[in-house]
Structure formats: structure tokens, C-alpha cells
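Accompanying notes for the structure given below.
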Amino acid sequence: MNETIVRIGSFLIILAVMGVAETLYPRRPLTTPRIQRWFSNLSASLISTVLVRLVLPALPVALAGYCQANNLGLLNTIHIPDWLSLVSSLLVLDLLIYGQHVAFHKFRPLWRIHRMHHADLDIDTSTGVRFHPLEIFLSTLLKLAAVFLLGPPVLAVIAFEIILNGLALFNHANVQLPIPLDAALRRIIVTPDMHRVHHSTDMREANTNFGFNLSVWDRLFTTYKAQPDLGHLGMKIGLNIFREPEYSRLFRMLAIPFL
């Protein structure tokens, strides 16, 4: 219960902070009604959360506790300092999410599901939770497999989930950061300007900047692009095939993988 309260509490606080920040200091003018987009995007997130909790018998945090109690997984069978186990778990899980993101772009059946995320005609902090329930379900299965094989500490899994959710809200935000601050932050984490390139209608740009948390993976695997070719104000957001207003409505959004 405490873990759930912490996760939900941190999510709501970051969502509110980024929502206020992008209202006061917007990076781009929005082209679609904000209230409708937020309702649809947050509703999709709620449906995904309920689906995962109803269908799966255990979530990554619970599985990490089980593995720790029964000495299952790599890190529970070797003797390394607790701090090293924590750090290595965070790095491996983040690399896993990077790889998952690449896979959802490269393999057509997965891309059909992931298209719902990219079909948003604007990008703001609510886009950070706009994922199809099928994608969240598959992502959770992947994390469960990783937790079972790796055996990370429970604290690492909780921390990773909070960081992942928090940074997804941050790096999707339509917020104007000072250029020097953006340049400093993106040496370590993914910033809004860095991730916005990934939401370009130009698929050459959309197939870059896959990271959610650390920016190192894109640099390491040569998928990093510093700026969009047309600039942040000139670039076009979304997908060229889903530009009608109806695709910002919840049920039409959820139908995108099957269209």
C-alpha cells in the first residue's frame, strides 16, 4: 500500500507541476483543445492501469520481493554491495526500456500498437501517459521477465517505476527550458527538447531519441539527434495518417492499432 501511495502521489505531483510549468512557459502553441486531449490521454492511462492489475497476478515490485525472499535472479545469487546492486538494476532496467522502445518502432505489429502514442497532434506532459493498454500490458510482461531473471532489489524496482513515470511526464512536457539548462541536463537525462524530436512526423526523426530516462543509450547506439531539422517551432508533431480531430477522442484513439 505504501508503495502504491508513493507512486500515485509522485505521479500526481509531477503531473501538476509540469502542467503548470507548460502553461506558464510553453515551448510551442497547442493546435488542439487541451481539455479534450488531457481527458483522453489520462483516461487511456487509467484503463491501462486497471487492465494490468486485473489480468496479471503480480506486478514487478511484488515479483522483486518474491525473488529476493527465495534467492531467485542473478543479483540474489551473487554477493555484491547493496549500492552496486541498486545502481546496476536501475541501469539494466533503463536499457531494457530503451530496447523495448526501439522494438516498438522496428517491428510492424508492435508499431501498430505504439502508433497511438505518436498520433497525438501536440506533445505535452499528458502525452507521457498516452500509451495503448496493449503496449502497457506487453511492457509490464517484459519488466516481469527482467525482474525474474535479474532479481533486483525491491527498492530499485520502486525507484525505477517512479523515475520512469516522472521523467516521461517531464520529457514530454511542452515547457520552455533555458538553452544552457537543457544542454546541461541532456548530458544525463532526456529533456523535453530532446524527446520532442522523436514525435516529429518525419519518420527519420521519429526513429531517433528513444530514451526515456538516461540520454546515454541514444548516444551509445547512435540514435541521438540533437535538434529537429525544421526547429522546434517549425516541426510538425504526430503522424501524417491520423490527423483528423476524431483521433484525439478516447475510443477512436484505442482503435488505432486495429485501423
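Read-outs throughout are calculated quantities, based only on the coordinates presented, and are distinct from any laboratory measurement. All values reported here derive from a predicted model rather than from experimental measurement. All Cβ positions, even for glycine, are placed from backbone atoms using ideal geometry, and neighbour counts span all protein chains on display.
Computed quantities for the displayed model
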| read-out | value |
| --- | --- |
| Pick from region 105-123, criterion touching a Phe, Trp or Tyr at 6+ places or on another chain (Cβ under 8 Å) and within 20 Å of Lys143 (Cα to Cα), ranking: surrounded by the fewest Cβ atoms within 10 Å (Cβ to Cβ) | Trp111 |
| Test: residue in region 205-215 that is in contact with a Gly (Cβ under 8 Å, 6 or more places away or on another chain) and surrounded by fewer than 20 Cβ atoms within 10 Å (Cβ to Cβ) | no |
| Test: residue in region 221-230 that is part of a helix (DSSP H, G or I) and either surrounded by 19 or more Cβ atoms within 10 Å (Cβ to Cβ) or of a type outside the set (Lys, Arg) (or both) | no |
| Unique match (being free of Cβ contacts under 8 Å to residues at least 24 places away in the same chain and out of contact with any helix residue (DSSP H, G or I) (no Cβ under 9 Å at 6 or more places or on another chain)) among Thr222, Thr208 | Thr222 |
| Residues located in region 52-85, provided they are closer than 15 Å to Leu164 by Cα and of a type in the set (A, V, I, L, M) | Val61 |
| Residue under evaluation Lys143, criteria (1) basic (Lys, Arg); (2) part of a helix (DSSP H, G or I); (3) more than 16 Å from the chain's Cα centre (by Cα), criterion not met | (3) |
| Filter result for Leu155 (of a type in the set (A, V, I, L, M) and without any contact (Cβ under 8 Å) to a residue 60 or more places away in the chain) | no |
| Lone qualifier among Ala69, Ala44, Ala62 - being of a type outside the set (Ser, Thr, Tyr) and within 20 Å of Ser248 (Cα to Cα) | Ala44 |
| Given (1) on the phi < 0 side of the Ramachandran plot; (2) out of contact with any Ser or Thr (no Cβ under 8 Å at 6 or more places or on another chain), index of the condition Thr222 fails | (1) |
| Answer residue from region 154-169, given it is of a type outside the set (Phe, Trp, Tyr) and surrounded by 21 or more Cβ atoms within 10 Å (Cβ to Cβ) and is nearest to Pro60 (Cα to Cα) among those | Val157 |
